[in-house]
Amino acid sequence: MAAAFSDALARAARQHGWQGWDREAIEVEVPANAEHGDYATSVAMRLAKTLRRPPREIAGAIKDQLDLRPPLASADVAGNGFVNVRLDVAWLRGQVDAIIADGADYGRSETLRGKHIQVEFVSANPTGPLTLANARGGPLGDVLSSVLRFAGADVQREYYVEDGGTQVKRFGESVAIRYRQLFGEETPVPQDAYPGEYVTEIAAQIKEKHGDLYRTLTLEEQGRVFAPMAIDWVVADAQRVTRKFGITFDSWFKQSSFLESGYFAKTMEELRRRGCLVDRDGAVWFETSEARALDREGEEGWVVIRSNGDPTYLGTDIAYHRLCLEERGIDLKINVWGANTHYHLLQMKIALPALGIAEDRWSVVLYQYVRFLHEGVLQRMGRRTGLFLMLEDVLEAVGKDATRFLLLQRGADSQLDFDFELAVQQSNDNPVYYVQYAHARIASIFRTAAERGITPDGADLSALATPAEHALIKLCLRFPELLADIVGHRGAHLLTGYALELAGAFHGFYRDHRVVSDDVTVSKARLRLVQAVQVTLRQTLGLLGVSAPDSM
RNA sequence: GGGCCGUUAGCUCAGUGGAUCAGAGCAUCCGCCUUCUAAGCGGAAAGUCGCGGGUCCGAUUCCCGCACGGCCCGCCA
């Protein structure tokens, strides 16, 4: 559509000798009011100043140059200078067949063909089971991945297991404390130890498997031995729960792998070679003029290797991103991160270019943290505070489909407060059922049609004559455009809004239009129409990772 | 002190990189099931799109300032 306007503008400009315009000024919109056509552009008003012509004159010239062949039927100038166009009805009806023919490929494109994209999400600290806080990144990353893959990209879903940090040490020692307690030892639990029953459960498993084998070790030694076992337990648990959430990761990538392989050290050498590192107080600091500019006071820079020799989160993350983008053949890395990492994000935006990695090769979807109602008070979830809502409990109580839909109805930027009791209570009111019901209703219509021996075969689509029928087709046609929007960084949550809109349009149509009736011609055509709607709904739900039932 | 995000109907939140954009669901009220599933449909009521400036033919949308809420500024991640 933009191309049609753009070509018409180019021809009009040539004809009238206009100078100084550019194609970027073209914006196509779908008017809310059907009387204003199917598509419209306000480009004439935008160009009025540059071209020094009245908007209506420009609009008229563009209108005259529009190629009025299907899919376009007519164009007119309205308001202060809008160009409105209408779609050719015969062409529109024909799209019903096209959508059904595409079937499971409807909406698929090749725009990202050949591009290797990694989407890294969830990646919770491997020190405990997944909570609803980590989980918000799940549907966001999973659905974005699906959409990118549908647009032709080679997408890898990655779960990054940060098994090398200080928190992991603490986790191992927390398990050790429980291990000792299982043998009746009076071991005090320090403030910063991990709470939660799973810690004891892991300790019990170790006891069961190895007995008192490790009893003679010091707490620190026990922690070192237990940490990898505990990590394995947590990773296996995360794999189980994410699968329950409808997410399958292509890789579970451990931080320890590139610490042990020496890649981290090599990356630090490279930073040093580029003059970005400074040794101070026994630690190694990242320090460049850009880093100083970010920190207002800042001559300090940021520690990448602690004085005890351990790398910091920033240090390992620099190496991890470099590894992905320079060694693993990934063209674009997209991280889905919680809002508390925004400062880290700014640091990374300075550190990666310092290694010569182009800024446009990675981006971050930052989502606001999930808070939840605990004893009537909104609380921030945190494993270290011991306050959290387990993802698995929510999935059990609310269901996979409803949870995914719920989390995807809001944009990543919007704050999300979760009331567990309310969610359970309202799960029957969840909008996801509204959408699924539309799909099931269509399936039911087909069952009725089959009973009466009516099939959509050989339908004459010209029987689709009402505005509501045409509106349904137009709405189905928006699906590919929506996917293009999402690929263009618009956010996966738009899919839920679209699903609701399409389901709503169908429910309204259903009320006013009998599909299976004595009029076989109309019945066949309408069966064909609702089939196209069903295909589009199924495609939308499929990308959302929500099931599309045939009956409810 | 600095930074990131938010502020839209009673509640929970969509939306628009400017016009033909004031939206959905829930909650409230009124109607609709001998006919393809009422997990549905139609209607009513409900908002100066946080406040103040600015740019413009036009601002809920863009810019600046302010207020309020959340988050962040560690040799934690």
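Straightening the chain between A:Val278 and A:Asp360 buys 26.8 nm, computed as 0.36 nm per residue apart minus the Cα-Cα spacing.
Taking R0 as 60 Å, what FRET efficiency do you get between A:Glu197 and A:Asp295 from their Cβ-Cβ distance, rounded to the nearest 0.05? Show your work: numbers first, answer last.
On the way: r = 41 Å, r/R0 = 0.68.
Taking R0 as 60 Å, the efficiency between A:Glu197 and A:Asp295 is 0.90.
The calculated 222 nm mean residue ellipticity attributable to helices in chain A amounts to -16000 deg cm²/dmol, summing -39500 (n - 2.57) over DSSP H runs of n ≥ 4 and dividing by all residues. Between the alpha-carbon centres of the stretch A:445-500 and the stretch A:224-303 there is a gap of 46 Å. Projecting the Cα atoms of A:His513, A:Gly491, A:His470 onto the charge dipole of the stretch A:465-520 (Cβ charges, centred on the Cα centre) puts A:Gly491 farthest toward the positive pole.
Pull out a ≥ b ≥ c, the square roots of the eigenvalues of the alpha-carbon gyration tensor of the stretch A:181-295, then state rounded if a/c is under 1.5, prolate if not and a/b is larger than b/c, and oblate in the remaining case. Please report the intermediate quantities before stating the final value.
Details: a/c = 2.42, a/b = 1.65, b/c = 1.47.
Since a/c reaches 1.5 and a/b is larger than b/c, the shape of the stretch A:181-295 is classed as prolate.
Taking a ≥ b ≥ c as the square roots of the eigenvalues of the Cα gyration tensor, an a/c ratio of 1.5 or more together with a/b no larger than b/c marks chain A as oblate. When only the Cβ of Lys, Arg, Asp and Glu is charged (+1, +1, -1, -1), the dipole of chain A relative to its Cα centre reaches about 1060 debye. Look at the dipole of the stretch A:166-244 built from charges on Cβ: of A:Val241, A:Thr166, A:Gln222, the Cα furthest out on the positive end belongs to A:Val241.
Defining a contact as two alpha carbons under 8 Å apart and six or more residues distant in sequence, what relative contact order in percent does the stretch A:430-544 show?
Across the stretch A:430-544, relative contact order equals 46 percent.
Positive-end ranking of A:Asn134, A:Val364, A:Ala283 along the dipole of chain A, with charges on Cβ about the Cα centre, is headed by A:Val364.
Of all GluC sites (Glu not before Pro) in the stretch A:260-333, which ones are in loop regions per DSSP and have a Cβ with at most 14 other Cβ atoms within 10 Å?
Details: sites: A:Glu260, A:Glu269, A:Glu270, A:Glu287, A:Glu290, A:Glu297, A:Glu299, A:Glu300, A:Glu326, A:Glu327; in loops: A:Glu287, A:Glu297, A:Glu299, A:Glu300.
Listed in order of number, the matching sites are A:Glu297, A:Glu299, A:Glu300.
Taking amide H as placed 1.01 Å from N in the peptide plane, A:Phe418 has its amide H under 5 Å from the amide H of A:Arg371, A:Phe372, A:Leu373, each at least 5 places away in sequence or on another chain. Give me the percent of accessible area attributable to carbon and sulfur for chain A, probe 1.4 angstrom. Its accessible area is 48 percent carbon and sulfur atoms.
At full extension, A:Arg240 and A:Thr216 could sit 5.3 nm farther apart than now, given 0.36 nm per residue minus the alpha carbon distance. For chain A, the longest principal axis of the C-alpha atoms and the axis of helix A:89-102 are separated by about 40°.
Once the 1.4 Å probe is applied to the protein heavy atoms, chain A comes out at 46 Å² accessible per residue. Taking a point 7 Å out from the Cα of A:Thr248 in the direction of its Cβ, the residues of the stretch A:125-159 whose backbone N falls within less than 13 Å of it are A:157.
Near the amide H of A:Tyr367, within less than 5 Å, lie the amide hydrogens of A:Trp337, A:Gly338, A:Ala339, all on another chain or at least 5 residues away, with H placed in the peptide plane. Roughly what angle does helix A:494-512 make with the longest principal axis of chain A, taking Cα atoms, 0 to 90 degrees, to the nearest 10? For helix A:494-512, the angle is close to 40 degrees.
The values are calculated or read from the model by the stated rules, or taken from the named source; none is laboratory data. Small disclaimer: the values here were computed from a predicted structure and weren't measured. In this analysis, Cβ positions are derived from the backbone assuming ideal geometry, glycine residues included, and neighbour counts consider all displayed protein chains. When the accessible area is computed, the model is the full protein with side chains, heavy atoms only, and any ligands, DNA or RNA have been set aside. Shrake-Rupley method; radii C 1.70, N 1.55, O 1.52, S 1.80 Å.
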